[in-house]
Structures are given as C-alpha cells and as structure tokens.
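Here is the structure we will look at, set down as structure tokens.
The values are calculated or read from the model by the stated rules, or taken from the named source; none is laboratory data. Nothing here was measured: the structure is a model prediction, and the numbers come from that model. Backbone-built Cβ (ideal geometry, glycine too); neighbour counts: all protein chains shown. In case anyone asks, the SASA skips ligands and DNA or RNA and just uses the protein heavy atoms, side chains included. Shrake-Rupley method; radii C 1.70, N 1.55, O 1.52, S 1.80 Å.
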Amino acid sequence: MTDSPPKRGDPPSTGDSSTKCRRLVQVCGVVQGVGFRPFVYRLATEEQLAGSIGNDTDGVTLQIEGPSYRLDAFLTRLSTETPPLARIDSVSASDIPPTGEKGFHIIASEVKGQVATGIPADAATCPDCLRELLDPTDRRYRYPFLNCTNCGPRFTITRRIPYDRPQTSMAKFRMCPACQAEYDDPLNRRFHAQPNACWTCGPQLTLETPEGRPILADDPIADLIERLLAGQILAIKGIGGFHLSVDATSSAAVQRLRERKHRYGKPLAVMVRDLAAARLLCDLTPEEESLLQTPARPIVLACARPANGTAPEVAPGVPWLGIFLPYAPLQHLLFADPRVKALVMTSANLSEEPIAIDNDEARQRLGAIADAFLMHDREILQRCDDSVVALVDGAPQIIRRARGFVPLGIELPFDVPPLLAVGGHLKSVFTLARGRHAYQSQHLGDLENLTGLEFFEESLAHLMHTFEIEPEFVVRDMHPGYLSSIWAERWAAERKLPVIEVQHHHAHIAACMAEHGLEGPVIGLSLDGTGYGTDSRIWGGEVLIARLDGFDRYAHLAYVPMPGGEAAIREPLRMALGHLHAAGMELDDPFLREALGTSEKETALLLRMMTRGLNTPLTSSCGRLFDAVAALVLRRREVDYEAQAAIELEGVALGEEDQANRPEYGLELWKNNETDGLVLKSDKMWTAILEDLKRGISKERIASQFHSGVAEGFIAAAANARERTGINQISLSGGCLHNRRLARLLRAGLEEEGFAVFQHRQVSPGDGGLSYGQAVVGAAIVKRQREHQ
C-alpha cells in the first residue's frame with residue numbers, strides 16, 4: 001500500500017509543524033487595482049492564516065501568521081495563482097515576532113516614502129461583466145460603465161498612487177448601498193474595484209448635437225446606432241478619449257469622415273463584434289487571434305480578405321486591415337444590435353492632433369466633424385489612444401504603445417538614477433526611469449504644434465506626480481531642431497539639470513539591447529527614416545558597433561542627395577531622382593520621366609538643386625531608399641502619411657514568394673573614402689530595377705526582389721563586421737523593422753550565418769521606442785562618469 005499525497009494545507013510528515021511564525025511580506029509590481037488584496041484574503045483564509053494586507057506606495061504589504069508549513073504554502077501560491085491583471089516583480093519576506101492575532105484583515109492604504117508600485121493599465125471587459133451586461137435579470141443590464149477588479153479603466157482615471165477611489169475620477173460618484181456592499185466584501189469580485197458603479201449611483205450617458213443641445217432619447221445607445229446606420233459620423237466618448245465612428249461598410253460615410261478629419265490616405269481601424277466577425281474580414285493566424293483577445297485589446301494589423309464587405313476607402317492601397325474587438329461595455333452594446341457589422345473607430349482629432357478627452361474640448365474641436373456626440377460624465381484624466389500591434393516574423397511587435405500597455409513599467413538592465421528621456425520628433429513618447437524600471441508615456445503623436453507639446457507636458461506632469469520621479473538629468477536626441485530637443489534644453493535649464501545628447505540610431509539599438517539585458521558590444525542594424533548623425537548629415541541605414549554607453553559607425557548606406565530636404569519625405573519622387581542621380585543615371589531619359597511621371601521642367605529644377613547643393617542635404621536613410629523605389633515602381637509621387645510609400649511597396653510584395661537574391665539587386669560594400677568605414681551602394685540595384693521595368697517585369701516581382709536585395713546587403717555588412725570584430729550578437733531596430741518582409745528576411749539570413757539575433761518585443765523598433773533607448777544610453781554614460789570620478 002502506498003502513501004496518498006498530502007492535501008493542500010496538510011502539515012509535512014516530519015518536523016515540528018505546530019510552531020506559530022509571523023512574516024512581513026512586501027510585494028512589488030502591478031498589484032493595486034487588480035484584485036490582489038481579495039486574492040490574498042482568499043489564500044490566507046484557505047491556508048487558515050491570520051494577519052493583514054494593505055496598499056502602500058511600494059505595492060502591498062502583508063503580515064501573515066500561522067504554522068511555518070502553511071506560510072510556505074501561502075508564499076508559493078502567492079506567486080503562482082495571481083489574478084489575471086496582476087504582475088509581481090518581487091516578493092520579499094522576513095520573520096517578525098508572532099502576536100497571536102486572530103483572523104485575516106484588509107486594512108486601509110498607507111502613503112509612505114517613494115512610489116515603487118505601478119498603476120495597472122486599462123483592461124477589456126471581462127467575461128463575467130459581459131454576461132451581466134447582456135443579462136436582462138441583472139441589475140447592471142445594459143449599464144455602459146460596469147466593471148470589476150478584473151477589468152475596466154485604470155490608468156486613464158487615476159490621479160496618483162495608491163490606487164484608491166479618492167485618487168480617481170470616480171471620487172465624485174458616491175456608491176449606492178448595493179455597490180458599497182460589493183466594494184466592502186473581500187469575497188466579491190468587486191471588492192475595492194475603484195470604478196465600481198451601477199445605474200443608480202454611477203456615470204451616465206447623454207446624446208448631443210454638435211452645438212451642445214441635448215438630444216432627448218429613452219436609450220441614447222439605440223439612437224446612436226440608428227444614426228450610424230444612416231451614415232452619420234458620431235463622436236463617442238470612451239475609455240481614453242473620444243472615437244470618431246462611422247459604418248465601416250458605407251463608402252459614403254467613410255469618405256465623408258476622411259474629408260472632415262483631413263485624413264485622406266492613412267488606413268482607419270475597424271472594430272467588430274467578436275472573433276468570428278474578425279475572421280470574416282481578415283485571414284487571421286492563431287497568434288493574431290490571441291492578440292485580439294488579450295486584456296489590452298489592441299488594434300491588430302492583419303491581412304484583409306478580398307471583398308470582405310468593408311468600404312474600400314477604409315484601407316486604400318494596402319492589403320492589411322487594422323482590426324480590434326470591443327473592450328468597453330458601451331462598445332459591446334453597440335454590437336449587441338445585429339445590424340451593426342463593423343464600425344470605423346478612429347481617434348477623435350484632426351490629423352496628427354492629440355485625441356480629445358474633455359466634453360467641452362470635444363465640442364470645440366470636433367464640432368465641424370461629428371454629426372452628434374455621445375458623452376458621459378466620468379472624467380478622463382489621461383488621454384490614451386488605442387494600441388497597435390502586428391505579428392512580425394512570428395512574434396508580436398508593438399507599433400503604438402498606449403491603452404492596455406501604459407503605464408506598465410519596462411525592466412532596465414541596471415539600476416538608474418531618476419531621469420527623463422524626451423524621445424524624438426515624430427511618434428513622440430517620453431520615458432521616466434528610476435531604479436530598474438522605465439515608464440514610457442502613452443503615444444503622444446507628432447511634436448509639430450503647440451497642441452502636441454501641451455499634451456506632452458500634461459502627460460509628463462501626470463507621470464512625474466504619479467510615480468514621484470524628479471529627474472536628476474535629461475536625455476534628448478542629438479538633432480538640434482527637434483521640438484523635443486529645444487523643449488528639453490529649456491526645461492532642464494529652468495531646473496539647472498544637465499542634458500545628455502544621444503545619437504538617434506544609437507538609441508534605437510540601445511533600446512533593443514536593453515530589452516534583452518545586453519550591455520554590448522553588439523552589431524546593430526538601425527534602419528529607419530531620419531536621424532541626425534554625428535557628421536550633421538541625415539542617417540538612417542546604419543551598421544553600428546554599439547555598447548550602451550557609446551558606438552562606432554562601421555558601415556552605412558551611401559549618401560545620396562535629398563532635394564528639398566523635408567519636402568523629399570512628402571514627395572518620394574524627389575528621393576527617386578536623388579538616388580538615380582547619385583547612381584549616375586541620366587535624369588532626362590524619356591522612359592525615366594514617364595515612369596516617375598515628372599515633366600522635363602520639374603526634372604531640370606530638381607537636378608539644378610542637387611548639382612548646386614541648394615537645400616539638398618545628404619542622407620543615408622533606408623526609409624528614403626524604400627520611398628525612392630516606391631516612387632519609381634508604384635509611381636507614388638506624394639504621400640499622405642509617414643511611410644506610406646514604403647508600406648505600399650511592402651504590400652505589393654506580399655503575395656510574392658521570397659526571391660533568391662539576384663546579384664544585380666544587391667547592395668555593394670565599398671570602402672568609404674572619407675572615413676575608415678564602409679558604405680553600401682545601390683547603383684547596380686537601380687540599374688536592375690530600370691531594366692526590369694523596361695522588360696515588363698511585374699511590380700510585385702520587383703518589390704520582392706528589392707526587399708531581398710536590401711536584406712542581403714545588410715547581412716553581408718554584418719558578416720564583414722563580425723569578421724573584423726568577432727562580435728556575434730546582432731540587434732535589429734529602427735522604423736524599417738516594422739516591415740514584416742524585411743524583418744523576416746534579415747532575421748532568417750542572419751541566423752543562417754550563425755548570428756544570435758535580437759529583435760524588439762516590449763517597445764516599438766520605431767520612434768515610439770526611442771526614448772527608452774535614450775534613457776538607457778544616458779544612464780550608462782552617467783554610470784561610466786561616476787565610476788571614473
């Protein structure tokens with residue numbers, strides 16, 4: 001006969017199991033606002049332990065008392081059975097004298113010392129709340145603001161830590177007796193759910209005209225649905241701001257939205273009822289389906305099915321659709337009407353402005369866009385756009401980090417002093433850091449106007465206040481003309497703080513290194529659109545030998561003229577002419593002019609600019625190389641949004657199999673006559689592209705071959721760098737790594753060559769991750785300086 005295994009709570013078979021012990025336990029991480037205290041209460045009750053738990057600025061602190069074997073079992077379960085939204089970063093336990101306490105208690109929050117815990121991110125409606133929402137017998141039936149400790153708004157309604165109701169925008173809503181009873185019951189899933197409310201005591205909806213006059217309706221949501229189905233544009237207040245919404249199946253409605261919003265070409269995101277509806281619109285992989293259903297509920301870029309029923313104006317010129325599922329009760333109620341199939345849900349703003357959050361602000365800024373407004377009276381304290389992710393080379397890649405991810409901390413490879421890194425110019429995101437954690441802001445948009453800068457300052461003040469971080473120094477991009485750089489210098493001067501400049505592409509590589517705990521040296525491939533170089537030229541196709549505290553430029557794309565400077569970013573045909581001129585082509589060739597759609601006069605003007613060096617900076621940008629090829633192959637003369645030409649070029653190649661690289665499409669590695677480094681020249685590639693166009697080779701085949709040629713060129717440069725340095729670790733970063741095909745070709749080719757390849761997983765490889773890299777480089781420089789003092 002064999003012994004049966006011990007049951008939970010049984011004492012060990014040997015040793016003294018009756019001795020009472022008491023331990024002080026500190027848990028750090030995302031442990032407030034996620035049901036962690038009732039979870040601990042349940043564990044302690046099941047293990048028959050006495051003690052207490054409370055929130056504080058470090059996370060949660062608990063004292064537990066009972067037999068040692070039960071304390072050990074409790075601590076094991078504490079780390080292995082956490083609530084779905086919780087994230088434990090550390091658990092420390094120490095013995096303290098027993099007190100003989102009876103029972104386990106949840107005590108009031110305590111404010112003490114420096115903040116070391118995190119605010120949870122906003123989370124999608126959980127299955128339990130969704131069942132209540134649609135249950136006619138439930139007291140919260142169709143209540144658009146229901147939530148519990150497993151779901152609902154967090155970051156967007158929080159003023160500061162500790163995360164308690166008085167610190168949120170729910171403070172003004174006094175709970176009714178029924179809600180208060182749930183809130184006070186440790187065994188209820190709404191125990192200390194700070195946004196807890198119902199029809200009796202919580203926020204309410206109102207429908208308005210653009211002039212602010214109330215629209216009387218027994219059911220504002222039902223009225224809103226009728227307006228959407230009639231083709232109207234609705235401004236809908238949500239979790240992190242307003243959405244502008246139209247019926248995604250109506251071409252007229254989508255086009256009207258584009259015209260009023262001044263967003264003429266950039267794809268629009270589409271929300272659908274559930275996963276089954278998403279499958280009708282997109283060819284989803286299992287990984288993409290999982291991404292759609294995470295608590296963050298991001299927009300997922302997936303391959304659209306042909307003739308999927310959405311208006312062609314939703315995502316013109318690209319084979320992908322940004323699709324997402326409802327994450328708020330209000331959105332679920334919209335899709336409870338079976339007539340609603342798919343809705344465009346785009347940020348409520350004019351193109352590139354911050355999203356609107358305040359009711360008065362929405363009336364003022366959106367009055368000329370929306371036909372009606374669905375408002376509510378719960379204040380949004382932090383603007384927060386929808387996050388965007390894509391499956392790149394088989395793994396999730398963050399394109400826009402916002403709702404559902406912010407303000408969760410990102411681990412750093414070493415302890416850092418308090419600092420602020422301000423990011424770049426486009427896709428602005430700043431980073432506050434202290435200790436082993438960096439806190440990125442939500443996506444802030446482009447810093448090109450006062451409105452964007454005000455959003456930057458508003459978000460910075462909020463996170464500094466929340467996490468009580470007072471920077472000891474500021475890190476900025478090396479570009480002197482970025483608004484973020486100018487602001488950083490002024491802000492630091494007012495506080496008498498030192499400023500550290502970090503080269504753009506070094507920051508990109510450092511961000512990837514830090515994600516993986518690498519201190520270097522590594523070979524870094526930093527491929528993006530624009531970055532100010534140490535030689536005052538515009539970089540973007542870089543092979544670096546990088547450490548966290550410095551780098552050497554090993555190789556880069558050969559410099560080409562950029563006629564008109566920033567105008568060449570908006571007009572890719574300028575970059576095509578710049579590349580062709582650098583390759584020695586005759587720009588007045590009739591075939592070339594016809595392919596580009598340029599006149600003889602236009603060509604002559606741009607040629608004079610290049611030969612005389614008039615407003616024609618030099619660039620090694622990989623992004624501009626993609627633009628140039630798109631201008632020639634797709635006749636993309638101008639763009640409506642950043643990277644449009646490159647995105648369309650990737651899209652054209654989507655259906656083509658990977659091409660075995662033709663040598664004539666390769667990038668040639670040459671000795672740089674100005675420095676000791678190497679340059680990658682594209683002259684032969686341009687000759688091959690022109691010859692293929694003349695032969696009538698399809699644009700799909702040319703685009704595919706071009707991607708292969710670029711990848712092979714940088715793989716060859718990396719192999720050359722390894723041969724000279726012996727470095728085998730390689731980090732991939734920069735906005736061009738959003739390109740799925742390029743990322744896959746680079747990773748596969750480099751691994752075939754035996755490299756250990758590292759790619760981004762927690763922050764964007766584009767400028768959305770730049771400030772994280774700046775923070776790491778700045779901290780590494782300060783660390784080195786202090787070690788040598």
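Would you please put 431-440, 393-402 in order of how densely packed they are, using the mean number of other Cβ atoms within 10 angstrom per residue and starting with the highest?
On the way: 431-440: 23.3, 393-402: 20.8.
Sorting 431-440, 393-402 by mean packing, highest first, produces 431-440, 393-402.
Applying the Karplus relation 6.51 cos²θ - 1.76 cosθ + 1.60 with θ = phi - 60° to the stretch 89-96 yields 3J(HN,Hα) values of 8, 7, 10, 10, 9, 9, 6, 9 Hz, where x marks Gly and Pro.
Beta carbons within 10 angstrom, averaged per residue: use that to sort the peptides 506-519, 127-140, highest first.
Working: 506-519: 26.1, 127-140: 14.1.
For the peptides 506-519, 127-140, the packing ranking is 506-519, 127-140.
Taking amide H atoms as placed 1.01 Å from N in the peptide plane, the amide H of Ala123 lies under 5 Å from those of Gly152, Arg154, each 5 or more residues away in sequence or on another chain. The convex hull of the Cα atoms of the stretch 492-602, projected and averaged over all directions, covers 10.1 nm². The residues of the chain expose, per residue, 38 Å² of accessible area to a 1.4 Å probe. Mind checking the angle between helix 572-582 and the chain's longest principal axis? C-alpha axes, 0 to 90 degrees, to the nearest 10. Tilt of helix 572-582: around 50 degrees.
Full extension of the chain between Glu494 and Val91 gives 141.1 nm of extra length, using 0.36 nm per residue less the Cα-Cα distance.
Under the rule a/c < 1.5 gives rounded, and otherwise a/b versus b/c splits prolate from oblate, where does the stretch 136-224 land using the Cα gyration tensor?
Working: a/c = 2.48, a/b = 1.52, b/c = 1.63.
Oblate shape, in that a/c is at least 1.5 and b/c is the bigger or equal ratio.
Backbone geometry of the stretch 38-44 corresponds, through the Karplus equation with coefficients 6.51, -1.76 and 1.60 at θ = phi - 60°, to 3J(HN,Hα) couplings of x, 4, 5, 4, 5, 4, 4 Hz, x marking Gly and Pro.
Please list, by residue number, every one of the trypsin sites (Lys or Arg not before Pro) in the stretch 13-76 that is coil in DSSP and has at most 10 other beta-carbon atoms within 10 Å.
Numbers: sites: Lys20, Arg22, Arg23, Arg42, Arg70; in loops: none.
Filter output for the stretch 13-76: empty list.
By the Stokes-Einstein formula, at 0.890 mPa s and 25 °C, the chain with its Kirkwood radius over alpha-carbon pairs has D equal to 87 µm²/s.
Can you list, largest first and rounded to whole Å, the semi-axes you get for the stretch 410-484 by taking the square root of 5 times each eigenvalue of its Cα gyration tensor? Each step should come with its number before you reach the end.
Numbers: eigenvalues 90, 38, 21 Å².
With the √(5λ) rule applied to the stretch 410-484, the semi-axes are 21, 14, 10 Å.
By its C-alpha gyration tensor, with a ≥ b ≥ c as the square roots of the eigenvalues, how is the stretch 659-726 shaped: rounded for a/c under 1.5, else prolate for a/b larger than b/c, else oblate? Judged from the Cα gyration tensor, the stretch 659-726 comes out oblate (a/c at least 1.5, b/c at or above a/b). Taking a point 7 Å out from the Cα of Leu229 in the direction of its Cβ, the residues of the stretch 236-268 whose backbone N falls within less than 19 Å of it are 245-254. Lysines within cross-link reach of Lys694: Cα-Cα under 24 Å, excluding same-chain residues under 8 positions apart? Partners within reach: Lys601, Lys681, Lys684.
3J(HN,Hα) along the stretch 688-700: 5, 4, 4, 4, 5, 4, 5, 7, x, 5, 5, 5, 5 Hz, from the Karplus curve 6.51 cos²θ - 1.76 cosθ + 1.60 with θ = phi - 60°, whole Hz, x for Gly and Pro.
Given the alpha-carbon gyration tensor of the stretch 703-761, what are the semi-axes of its equivalent ellipsoid in whole angstrom, ordered largest first, with each equal to the square root of 5 times an eigenvalue? If you can, show how the numbers build up before the last one.
Numbers: eigenvalues 71, 37, 16 Å².
So the three semi-axes of the stretch 703-761 are 19, 14, 9 Å.
Inter-part distance, the stretch 762-784 to the stretch 274-332, computed on C-alpha centroids, equals 32 Å.
The distance from the alpha carbon centre of the stretch 543-566 to that of the stretch 584-634 is 22 Å, rounded to a whole number. Computed on the stretch 53-180, with alpha-carbon pairs under 8 angstrom and 6+ residues apart, the relative contact order is 27 percent. Full extension of the chain between Glu700 and Trp199 gives 174.8 nm of extra length, using 0.36 nm per residue less the Cα-Cα distance.
Using R0 = 30 Å, the C-beta based FRET efficiency linking Glu600 and Leu654 works out to 0.25. Among beta bridges identified by DSSP and lying wholly in the chain, the antiparallel ones come to about 75 percent. Remark: spin-label model distance Glu472-Arg784 equals 1.8 nm, labels positioned 7 Å along the Cα→Cβ axis.
With a Förster radius of 35 Å, plug the Cβ-Cβ distance of Tyr264 and Glu379 into 1/(1 + (r/R0)^6) and report the FRET value to the nearest 0.05.
Working: r = 33 Å, r/R0 = 0.95.
So, using R0 = 35 Å, E works out to roughly 0.60.
Computed packing ranks the peptides 224-231, 47-54 as 47-54, 224-231, most packed first, by mean other Cβ atoms within 10 Å. Share of carbon and sulfur in the accessible area of the stretch 607-680 stands at 48%, probe radius 1.4 Å.
For Tyr554, the residues whose amide H sits under 5 Å from its own are Val543, Leu544, Ile545, ignoring neighbours fewer than 5 places away on the same chain, with H placed 1.01 Å from N.
The share of accessible area on the stretch 79-223 that comes from carbon and sulfur is 54 percent, using a 1.4 angstrom probe. I need the shape label for the stretch 664-789. Rule: rounded when a/c is under 1.5, else prolate if a/b > b/c, else oblate, with a, b, c from the alpha carbon gyration tensor. Cα axes put the stretch 664-789 in the prolate bin. Against the compact-protein benchmark of 2.2 N^0.38 Å, the Cα-based radius of gyration of the stretch 20-174 scales to 1.13.
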